[in-house]
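The values are calculated or read from the model by the stated rules, or taken from the named source; none is laboratory data. These figures come from a predicted structure and were not determined experimentally. Heads up, the Cβs are rebuilt from the backbone with ideal geometry, glycines too, and the neighbour counts pull from every protein chain shown. Please note that ligands, DNA and RNA were not included when accessible areas were found on the heavy atoms of the full protein model with its side chains. Shrake-Rupley method; radii C 1.70, N 1.55, O 1.52, S 1.80 Å.
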Number of protein chains: 2
Amino acid sequence: MSAVSRVLSGDPAARLSEATRERVRQAAVEVGYHPNFAGRALKLARTDVIALIVPDVTNALFSMLVQGVEDEAVARGCVMLLARSEDMQPGGTMFDRLVGEGRVDGIVLQPRDGTDPAELAETVGMRAPLVTIHQPIPGASSVVVPDALATRTAVEHLASAGHRRIGFAGGLAASPSARRRAEGFREAVARAGLDDDPALMTWRGYQEGDGRAAVAELLALPEPPTGLVVANVNAAVGALAQARTQGRAVPEDLSVVAVHDAKTAEHTWPPLTCVRMPLYELGRAAVAALFDVIAGGPVERRAVESPPPELVVRESTAVRGS
Amino acid sequence: MSAVSRVLSGDPAARLSEATRERVRQAAVEVGYHPNFAGRALKLARTDVIALIVPDVTNALFSMLVQGVEDEAVARGCVMLLARSEDMQPGGTMFDRLVGEGRVDGIVLQPRDGTDPAELAETVGMRAPLVTIHQPIPGASSVVVPDALATRTAVEHLASAGHRRIGFAGGLAASPSARRRAEGFREAVARAGLDDDPALMTWRGYQEGDGRAAVAELLALPEPPTGLVVANVNAAVGALAQARTQGRAVPEDLSVVAVHDAKTAEHTWPPLTCVRMPLYELGRAAVAALFDVIAGGPVERRAVESPPPELVVRESTAVRGS
DNA sequence: CATCGATGATCAATCGTTTGCGCAACTGGA
DNA sequence: TCCAGTTGCGCAAACGATTGATCATCGATG
């Protein structure tokens, strides 16, 4: 048993020849022996399980993220536990068990949009290694994507198509990712010398219905925008629907660009022009950061810079006046 | 320690008064004590972890299923491990570890479309409690949704709108779920006395590109169909795109109904008429079946009959000739 | 007073792996 | 021949929870 354990652990300090190691490996395969997970976990105080906690799995962006997290976990010999239900969220009973019982080595957490970071940090309690995505919380490492660059890219595309009044359908005002996107928007508007009217910026949120409300608000302006940057593809879908409801043609009356790309954007009516963000890479980077935390590294704020946001032109944008 | 363990386990045979039990519970909360997961797992030979293994998380239908699986697992005091990457699929290294090391109490497995059931059963090896969804494999329990009823519902909708030549864009011919859908289609066509032309049935698969290919094939017929039942919402998205590419208007030239509903279907161009299937309930039923297997129950083939498939009329279908 | 049942406290064995350590055998070099 | 290094083998302790069993105490009843 001693030798078997040393060989299967790949322990370099074990006093065993390579020939013996190979013999042991062969024997283990032949009898179908696998070490017992619970025995190992108990002795090593480690489960090789990473949890991904998200507020929602219906979000069109979820699939890329989850693939990134899983691939990085598996590449490091771990498996991924997915948590979406209410009980599994911070503050829930099962979350408490997950953390308190030592079921996972660490957690990648996507906070709910609009969550108060200090409050969340208190709820989570730093009882397990933690990395948040999209939004930092005090005391935890975090990884984000370059939101500002994304909205900047979107504005530049619309500006180059001749749009001077560009609306912004943003996330909730309290949301850090929403603020980063707004910052990029403002910067690009200023840089391009576009119409800098505060009424062109809305803060409804990332859901489909939020996109609808934003468009309703913007189209009610005395001088409505001819271009629109929507801070999230879910909301953009709602924006399209609302424009249609109000008899506005996209892209003829209103050109729309969404931050984040997703499979769904290819099939909207019309297909959405998007800024593709590195969500798969975000997932991988979050797990890498988590391993650094587990290894005792310092709290860090990281951003995924590569691949950079990429404009994907489809059919929701056109040159103004066309 | 002994009393603490008995109380927190909720052991009814323990000789402890309710007052003592309450005192122990309070004390545990106060000192933040949680039993150690690995210690328990080792002693009990059980991890309270259920694995959900799927071939794909980008499928628009995935989110309902995963919510059902997770909610049922959590309701039973378990957590859900998600496995999508290649290494985690049956035959992969991590799959072998998952099963061989006793990391999960059981597995809900969605086989890849077109997988040979006998081959898969051999690969999996019945080394852990297993339930498959959509497709049975020898020796394992399975749960399916009423595919035949779905396609029947779709045909009936088209027939009542005046369509006499209805095409069928099916899954792969080897796929059990595809065959069930085809069966429902044939039955409804026969029952309604519609044009029973074998050339109206295609077997390309469930992917978007497959839907495109099916439509190309059907529109090439000397007498193309005026109505189309697509056996999957992903393929339906492709079908819509292909019709457009070939200058056919939906629903005027071709009415399209898809099996399965998803958020994405509301936003297609035009919004898809679908038959909503009980995927959330499928997830829950699969976990319930898995617990029966774990408890030593017999191998069973189950179907989720409630809620029944429901027609959701959107804008991809119209009365023939309109 | 003696007996019985309920209850609290305590102990030890078990679950399966890991790992430090000691002993023994073998090999090669001085 | 002696010494040192390498390697194989085996042992025991540790990780933390569970659970059967034993002993002691208390209260109620005959």
*Using a 1.4 Å probe on protein heavy atoms only, how many Å² of accessible area do A and B hide from each other, summed over both chains and rounded to 100?*
4300
*Rounded to the nearest whole Å², what accessible area per residue is found for chain A with the 1.4 Å probe?*
40
*Residue-wise HN-Hα coupling along the stretch A:202-217, computed from phi with Karplus coefficients 6.51, -1.76, 1.60 (Hz; x: Gly, Pro)*: 10, 9, 8, x, 9, 7, 4, x, 5, x, 4, 4, 4, 5, 4, 5
_A:Leu311 long-range amide H proximity, modeled H, under 5 Å_ = A:Arg276
*In percent, how large is the relative contact order of chain B, given Cα pairs closer than 8 Å and 6 or more residues apart?*
19
*Estimated vicinal HN-Hα couplings, Hz - the stretch A:91-97 in sequence order (Karplus 6.51, -1.76, 1.60; Gly, Pro = x)*: x, x, 4, 6, 4, 4, 5
*Using the 7 Å Cα-to-Cβ label point, sort the distances from A:Arg76 to its equivalents in the other copies shortest first and give them in nm to one decimal.*
3.1
_With only alpha-carbon pairs counted, each pair once and no self-pairs, how large is the Kirkwood hydrodynamic radius of the stretch B:89-158 in angstroms?_
13.5
*Please work out the C-alpha center-to-center distance from the stretch B:1-71 to the stretch B:118-173 and express it in whole Å.*
35
*Could you go through the stretch B:116-125 in sequence order and give the Karplus-derived ³J(HN,Hα) for each residue, using 6.51 cos²θ - 1.76 cosθ + 1.60 with θ = phi - 60°, rounded to whole Hz, and x for Gly and Pro?*
6, x, 5, 5, 5, 4, 5, 5, 5, x
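Is the stretch A:118-197 best put as rounded, prolate or oblate by its Cα gyration tensor, with a ≥ b ≥ c the root eigenvalues, rounded for a/c under 1.5, and otherwise prolate when a/b is larger than b/c, oblate when not?
Values: a/c = 4.40, a/b = 2.93, b/c = 1.50.
It is prolate, given that a/c is not under 1.5 and a/b is the larger ratio.
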*How far is helix B:279-294 tilted, in degrees, relative to the longest principal axis of the Cα atoms in chain B, given as a value from 0 to 90 rounded to the nearest 10?*
40
*asked:* Which of the three applies to the protein assembly as shown, rounded, prolate or oblate, going by the alpha-carbon gyration tensor with a ≥ b ≥ c and a/c under 1.5 meaning rounded?
replied: oblate
*Three semi-axes of the equivalent ellipsoid, the stretch A:147-277, Cα gyration tensor, whole Å, largest first*: 18, 16, 14
*How far, in degrees from 0 to 90, does helix A:147-160 lean away from the longest principal axis of the Cα atoms of chain A, to the nearest 10?*
30
*Nonlocal amide H pairs with B:Arg204, under 5 Å, H built at 1.01 Å*: B:Gly170
*Helix B:176-191 sits at what angle to the longest principal axis of chain B, using alpha carbons and giving 0 to 90 degrees rounded to 10?*
40
*Placed amide H near A:Thr273: partners under 5 Å, 5+ positions off or other chain*: A:Ala258, A:Arg314, A:Glu315, A:Ser316, A:Thr317
*Restricting to the protein assembly as shown, what percent of DSSP beta bridges are antiparallel, rounded to 5?*
10
_Kirkwood hydrodynamic radius of chain A, Cα pairs, Å_ = 21.6
*Shortest-first distances to equivalent copies, position A:Pro55, nm, label 7 Å out along Cβ*: 3.4
*Quote the relative contact order of the stretch B:147-277 in percent (integer), defining contacts as alpha-carbon pairs under 8 Å separated by 6+ residues.*
26
